[in-house]
Amino acid sequence: MNWLFFYGRISDMLKKLWKFFLRLALTLGALGLFGLLLPRFIFLIYAKPRTFSAADAPARRVAIVFGAGIKNGEPTPVLRDRVQTAANLYFSGKVEKILMSGDNRFVDYNEPEAMRQYALTLGVPDADIVLDFAGRRTYDTCYRARDIFGLDSVILVTQAFHLPRAIYLCNMLGVDGVGAPADIQYYRKISRAIWNFRETLATLDAINDIMYKKPVPVLGNPEPIFVEEP
């Protein structure tokens with residue numbers, strides 16, 4: 001009888017401990033998820049008044065196109081949409097120049113040149129295309145737009161999932177940037193889910209770069225896009 005009583009007490013204690021740890025795990029998980037998603041939500045709020053359609057975007061002298069990968073030397077569909085949107089801004093008179101910023105760390109991988117070639121097929125004059133071969137990250141592109149190309153006011157061209165981070169980074173680095181989403185075609189749900197998950201993590205990295213790390217990207221001699229007349 002004593003054994004049954006003792007066994008029952010132990011069983012009750014284990015059940016209570018299990019419920020306690022389950023609640024604790026759920027609470028910590030919820031707090032972790034909240035902490036992960038909150039910065040993304042803040043970025044969305046920050047970017048909303050600075051985001052316009054290509055037709056409604058305020059005129060700026062330069063549009064920046066962020067790299068989005070190439071395959072066999074050709075822009076990915078996502079990157080083509082970005083270049084197309086920048087071309088639309090150019091032909092509507094919203095911008096005078098287009099800065100193509102991407103990765104060119106390897107001889108056989110040249111995002112800016114692939115963007116340039118595609119823009120040429122769309123009719124954008126070569127003289128109005130500027131290439132940034134060291135835009136390896138969004139942070140680097142915004143930093144170099146200021147320090148290398150002498151820009152302080154731009155239209156940022158990328159997909160809606162990426163635009164809040166681009167707007168935040170450029171503005172925090174001293175480049176007054178508004179955004180024009182480049183979501184021309186339909187993207188698969190699985191692709192959008194992957195992009196948004198990666199963007200959530202990248203948002204935390206962006207905050208870390210601006211507030212704590214403050215890394216200096218690959219720089220070089222200034223190459224101002226516009227040279228002021230004396």
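The values are calculated or read from the model by the stated rules, or taken from the named source; none is laboratory data. Keep in mind it's a predicted model, so treat the numbers as computed, not measured. FYI the Cβ positions are ideal-geometry reconstructions off the backbone, even for glycines, and counts take in every protein chain you see.
Here residue 47 fulfils each of the conditions (1) touching a Pro at 6+ places or on another chain (Cβ under 6 Å); (2) touching a residue at least 60 places away in the same chain (Cβ under 8 Å); (3) assigned to a strand (DSSP E or B) apart from (3).
Among residues of segment 118-152 being within 14 Å of residue 102 (Cα to Cα) and of a type in the set (Gly, Ala, Ser), the one that is surrounded by the most Cβ atoms within 10 Å (Cβ to Cβ) is 135.
The single condition among (1) farther than 14 Å from residue 69 by Cα; (2) surrounded by fewer than 24 Cβ atoms within 10 Å (Cβ to Cβ) that residue 155 does not meet is (2). Only one of the numbered conditions (1) buried (at least 17 other Cβ atoms within 10 Å of the Cβ); (2) more than 23 Å from residue 115 (Cβ to Cβ) is violated by residue 45, and that is (1). Looking at 230, 217, which one is surrounded by fewer than 16 Cβ atoms within 10 Å (Cβ to Cβ) and at pLDDT below 95? Result of the check over 230, 217: 230.
Screening segment 71-113 for residues that are in a loop (DSSP other than H, G, I, E, B) and of a type in the set (S, T, N, Q) and picking the one that is farthest from residue 138 (Cα to Cα) gives 92. Can you name every residue in segment 117-143 that is of a type outside the set (S, T, N, Q) and within 15 Å of the chain's Cα centre (by Cα)? 135, 136, 137, 139, 140, 142, 143, listed by residue number. Residues in segment 66-113 that are at pLDDT below 95, of a type in the set (Gly, Ala, Ser) and surrounded by 19 or more Cβ atoms within 10 Å (Cβ to Cβ): 67, 68, 102.
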